[in-house]
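Can you read through this structure? Questions will come right after.
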Amino acid sequence: MITILGHKVVFKIEMDSTNNKAKELAKEGGEEGILVITRKQTNGKGRLGRNWQSPKGSNILMSLILRPQLQPEQFCQLSIVSAVTLCEVLQDVTGLEAKIKWPNDIVINGKKVCGILIELCTDVHNDYCAILGIGINVNVPHFPKSLPYATSLYLEGGTTYKKEIIIEQFLKCFEKEYKTFQSTKNILFLKKRYEKNCITLHKTVKLIKGQDEIIAHAYDITDNGALCVQYSDGSKEMIGHGEVSVRGLYEYS
Ligand code: BT5
């Protein structure tokens with residue numbers, strides 16, 4: 001039963017970014033669970049200053065205001081909780097083999113179908129909020145040449161999908177996982193499900209940090225969601241979200 005998430009929906013046909021709008025509302029004191037949705041973004045944002053492109057109408061573009069009872073440094077684990085939930089919801093709704101590319105891209109057949117962007121902000125009372133932004137390519141029939149590694153549910157499944165059903169399912173399932181996460185304060189409760197669906201684990205990957213690229217073997221994720229890698233000289237490192245980009249050697253970036 002949905003009790004909090006999506007209890008109030010703010011919809012506008014066009015926005016610069018649903019994350020920006022949700023952040024603006026949160027800063028003014030907007031309560032937990034407000035869902036911001038649009039049909040078109042003029043300045044859709046990805047992580048690390050990248051952009052998110054989406055043609056009008058065919059896709060899900062949404063952001064949730066969250067006010068978790070957590071330390072700010074635990075907020076990034078929300079991306080793991082949301083990635084597992086989204087991956088499973090997309091599998092259930094479409095029957096397609098959705099998978100997670102660490103930390104939180106959802107891919108199908110090696111191409112990206114969904115991106116997640118979590119941003120932190122403080123409101124007028126200096127309380128922390130997290131903005132959970134989600135872009136899902138649902139019914140888009142083709143992508144520009146600049147996005148060779150993007151795909152949509154339509155392209156993979158050969159049929160159109162109802163966006164409302166995906167959103168509803170996600171809110172219902174995420175609310176449950178979000179509550180558990182707040183009570184346990186770590187991602188142990190869904191680590192096995194993350195591992196089962198993660199295409200990065202137990203693979204040789206390329207780590208990209210600025211201009212530097214280094215090959216490593218991804219052998220585990222920590223209880224906080226960091227990726228454990230081992231280099232060819234045997235040394236090991238834990239990679240946190242947002243520190244580097246991780247790419248498979250053969251699949252998309
Ligand atoms: C993400 O960033 O994947 C997070 C994307 C979050 C988008 C949502 S939409 C609703 C909410 N409001 C916002 O303003 N943002 C959130 P990142 O991992 O940095 O991936 C960005 C990269 O993915 C880009 O540099 C492109 O290469 C690629 N890309 C852009 N648009 C794409 C699309 N529609 N499908 C697949 N890949 C895309």
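Anything in segment 195-213 that is under 22 Å from residue 49 (Cα atoms) and loosely packed, with under 15 Cβ neighbours inside 10 Å? List them, or say none.
208, 209, 210, 211, 212, 213
Still on this model: Taking the options 56, 8, 12, name whichever one is in contact with a Ser or Thr (Cβ under 9 Å, 6 or more places away or on another chain) and either within 30 Å of residue 218 (Cα to Cα) or more than 8 Å from the ligand (Cβ to nearest atom) (or both). Outline the logic, then answer.
Numbers: 56 fails: in contact with a Ser or Thr (Cβ under 9 Å, 6 or more places away or on another chain); 8 fails: in contact with a Ser or Thr (Cβ under 9 Å, 6 or more places away or on another chain).
One residue alone meets the criteria, 12.
Would it be correct to say that residue 54 is crowded, with 19+ Cβ neighbours inside 10 Å, at pLDDT below 95 and farther than 28 Å from residue 190 by Cα?
Against the criterion (crowded, with 19+ Cβ neighbours inside 10 Å, at pLDDT below 95 and farther than 28 Å from residue 190 by Cα), residue 54 qualifies.
In addition: Could you list all residues from segment 61-86 that are more than 23 Å from residue 17 (Cα to Cα) and within 15 Å of the chain's Cα centre (by Cα)?
84
Could you tell me which residue of segment 99-151 is surrounded by the most Cβ atoms within 10 Å (Cβ to Cβ), considering only residues that are over 16 Å from residue 50 (Cα atoms) and basic (Lys, Arg)?
101
Within segment 203-228, track down each residue that is in contact with a strand residue (DSSP E or B) (Cβ under 7 Å, 6 or more places away or on another chain) and within 18 Å of residue 83 (Cβ to Cβ).
Residues satisfying the conditions are 203, 205, 218, 220, 221, 222, 226, 227, 228.
Another question, then. Being more than 16 Å from the ligand (Cβ to nearest atom) and either surrounded by 14 or more Cβ atoms within 10 Å (Cβ to Cβ) or modelled with pLDDT of 90 or more (or both) is true for just one of 221, 239. Which residue is that?
221
Among the residues of segment 59-89, count how many are near the ligand (Cβ under 10 Å from one of its atoms) and in a loop (DSSP other than H, G, I, E, B).
Looking only at that region, the number is 1.
What number of residues within segment 154-194 satisfy the criterion of being in contact with a Leu (Cβ under 6 Å, 6 or more places away or on another chain) and of a type in the set (Gly, Ala, Ser)?
1
For residue 192, are the conditions met, namely being exposed (fewer than 14 other Cβ atoms within 10 Å of the Cβ), outside any strand (DSSP E or B) and either out of contact with any Asp or Glu (no Cβ under 8 Å at 6 or more places or on another chain) or of a type in the set (Val, Ile, Thr) (or both)?
Here the answer is yes, as residue 192 does meet what is asked.
Restricting attention to segment 15-39, which residues are more than 14 Å from residue 123 (Cα to Cα), of a type outside the set (Gly, Ala, Ser), crowded, with 17+ Cβ neighbours inside 10 Å and within 13 Å of the ligand (Cβ to nearest atom)?
Across segment 15-39, the qualifying residues are 15, 18, 19, 35, 36, 37, 38, 39.
Quick one: in segment 94-112, of everything that is assigned to a strand (DSSP E or B) and more than 12 Å from residue 157 (Cα to Cα), which residue is farthest from the ligand (Cβ to nearest atom)? Working first, answer last.
Restricting attention to segment 94-112, the residues satisfying the condition of being assigned to a strand (DSSP E or B) are 98-101, 105-108, 111-112.
Next, only the ones that are more than 12 Å from residue 157 (Cα to Cα) stay: 99-101, 105-107, 111-112.
Details: 99: 14, 100: 12, 101: 9, 105: 6, 106: 9, 107: 9, 111: 8, 112: 4 Å.
Here the answer is 99.
So, in segment 217-233, exactly how many residues are among the charged types (D, E, K, R) and either in contact with a Gly (Cβ under 9 Å, 6 or more places away or on another chain) or in a loop (DSSP other than H, G, I, E, B) (or both)? Talk me through it step by step, then tell me what you get.
Narrowing segment 217-233 to residues among the charged types (D, E, K, R): 220, 223, 233.
With either in contact with a Gly (Cβ under 9 Å, 6 or more places away or on another chain) or in a loop (DSSP other than H, G, I, E, B) (or both) added as a condition, the list becomes 223, 233.
Count: 2.
Report yes if some residue within segment 145-164 is part of a strand (DSSP E or B), within 13 Å of the ligand (Cβ to nearest atom) and closer than 26 Å to residue 9 by Cβ; otherwise report no.
We begin by selecting, within segment 145-164, every residue part of a strand (DSSP E or B); these are 150.
Right, trim to within 13 Å of the ligand (Cβ to nearest atom) and you get 150.
Then drop every residue that is not closer than 26 Å to residue 9 by Cβ, which leaves none.
There is no residue in segment 145-164 that is part of a strand (DSSP E or B), within 13 Å of the ligand (Cβ to nearest atom) and closer than 26 Å to residue 9 by Cβ.
The values are calculated or read from the model by the stated rules, or taken from the named source; none is laboratory data. Remember, predicted model here, so these are calculated numbers, not experimental data. Neighbour counts are summed over all protein chains in view; Cβ atoms, including those assigned to glycine, are modelled from backbone coordinates with ideal geometry.
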